[in-house]
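The values are calculated or read from the model by the stated rules, or taken from the named source; none is laboratory data. Keep in mind that this is a model prediction, so the values were computed, not measured. Please note: Cβ atoms are built from the backbone with ideal geometry, for glycine as well, and neighbour counts cover all protein chains shown. Surface accessibility is based on the protein's heavy atoms, side chains included, excluding ligands, DNA and RNA. Shrake-Rupley method; radii C 1.70, N 1.55, O 1.52, S 1.80 Å.
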Amino acid sequence: MDSIKACTTLSNGVTMPWLGLGVYKVQNGEEVINAVRTALEIGYRHIDTAAFYENEEGVGQAVRESGIPREQLFITTKVWNSDQGYETTLKAFETSLKKLGLEYVDLYLVHWPVKGKYKETYKALEKIYKDGRARAIGVSNFHIHHLEDLLAECEIKPMVNQVEYHPRLTQKELHAFCKQHGIQLEAWSPLMRGALLEEPTLIDIGRKYGKTPAQVILRWDLQNEVVTIPKSITPERIKENADIFDFELTAEEMERIDSLNLNKRSGADPDNFNF
Ligand SMILES: NC(=O)c1ccc[n+]([C@@H]2O[C@H](COP(=O)([O-])OP(=O)(O)OC[C@H]3O[C@@H](n4cnc5c(N)ncnc54)[C@H](OP(=O)(O)O)[C@@H]3O)[C@@H](O)[C@H]2O)c1
């Protein structure tokens, strides 16, 4: 795990960069095009979008304009809650591909575990996977009980579970469960949307290495073997967030960061969401 291009290998053998750029709340058009262009210039090869973010066109445009061969990129998108169900998901996937201007995505995720619908939705993802239009499939915001429910019936195990994960929400049990089942954990809101950047422990640890609290958190993700997708539209920060491959936290520092856990969420609890 020594460069921005370092990858984890998913259960089906597909490689996925440990670091990606998140683009939630980034406006379609110039804003997202500039953020993705900057990230790709710096060396990011992994972009995390979703139908819900309404910026797939801009992501696709920036990817095409970069001239980087498609096979070197890892593009994730997700099916939104209102599109869940078998046929509706197949249709939503076509719309996403069209907006992205791509022939396939690298990872397609069920965005949230919508009750009574996520299993049908996942069946559509299995079809998309078998048809070769997503190189990997997975879920997002799934608790252990959602995964157990899905694993009992699915044909193809999800390769990834993307969840809220940061030093205030360390998700140890979920992480252990995912590891046991060969599901790669991926962190959304790794920086807790900026709320953790004044945290004294992180400042203290960062001082030793000449790194910022954001860099300390992202390094902690990597050393925990969690894929991470910090969002930024600020070129200096996009660069800063990728400058995490030249230092290593000690076991004691990892534990100090773990001890910041409060089981505190910045987003909704997957057992209790109304969207
Ligand atoms: N699956 C899901 O349900 C789900 C939910 C939420 C998010 N996500 C994904 O996860 C990605 C990341 O999560 P997020 O966007 O919620 O939050 P985040 O990455 O934890 O934080 C983003 C915020 O931190 C700021 N920031 C970024 N780098 C910084 C740095 N080095 N120093 C100081 N501030 C910094 C950004 O500001 P600027 O942009 O102004 O620089 C932005 O305000 C999303 O973009 C999305 O792709 C998925």
Where only alpha carbons of the chain are counted, the Rg and the Dmax (Å): 17.7, 53
Residue (of F247, G194, Q184) at the positive-pole extreme of the stretch 174-258, dipole from beta-carbon charges: G194
Top of H111, H181, H166 by mean-square fluctuation, Gaussian network on the chain, Cα under 10 Å: H181
Positive-end residue, the stretch 7-258 charge dipole about Cα centroid, Cβ charges, pick of V227, Q61, A39: Q61
Length gained when the stretch Q180-M254 is fully extended (0.36 nm per residue, less Cα-Cα span): 24.5 nm
Shape call, the stretch 62-164: gyration tensor on alpha carbons, a/c limit 1.5: prolate
Of Y108, Y53, Y122, the one that fluctuates the most in a GNM where the chain has Cα springs shorter than 10 Å: Y53
Fully extended contour minus Cα-Cα distance, from R64 to I144, at 0.36 nm per residue: 25.0 nm
Links that overshoot a 27 Å alpha carbon limit, given the list K130/K239; K5/K208; K25/K130; K157/K239: K130/K239; K25/K130; K157/K239
Estimated vicinal HN-Hα couplings, Hz - the stretch 197-202 in sequence order (Karplus 6.51, -1.76, 1.60; Gly, Pro = x): 7, 10, 5, x, 4, 5
Solvent-accessible ranking of F74, F245, F275, largest area first, probe 1.4 Å: F275, F245, F74
Residue-by-residue Karplus 3J(HN,Hα) for the stretch 110-126, coefficients 6.51, -1.76, 1.60, Hz, glycine and proline x: 7, 5, 9, x, 5, 4, x, 10, 5, 6, 4, 4, 5, 4, 5, 4, 4
Share of carbon and sulfur in the accessible heavy-atom surface of the chain [1.4 Å probe, %]: 47 percent
Solvent-accessible area per residue for the chain (1.4 angstrom probe, square angstrom): 43 Å²
Nearest-20 debye value, the stretch 7-258 charge dipole, Cβ charges on Lys, Arg, Asp, Glu: 360 debye
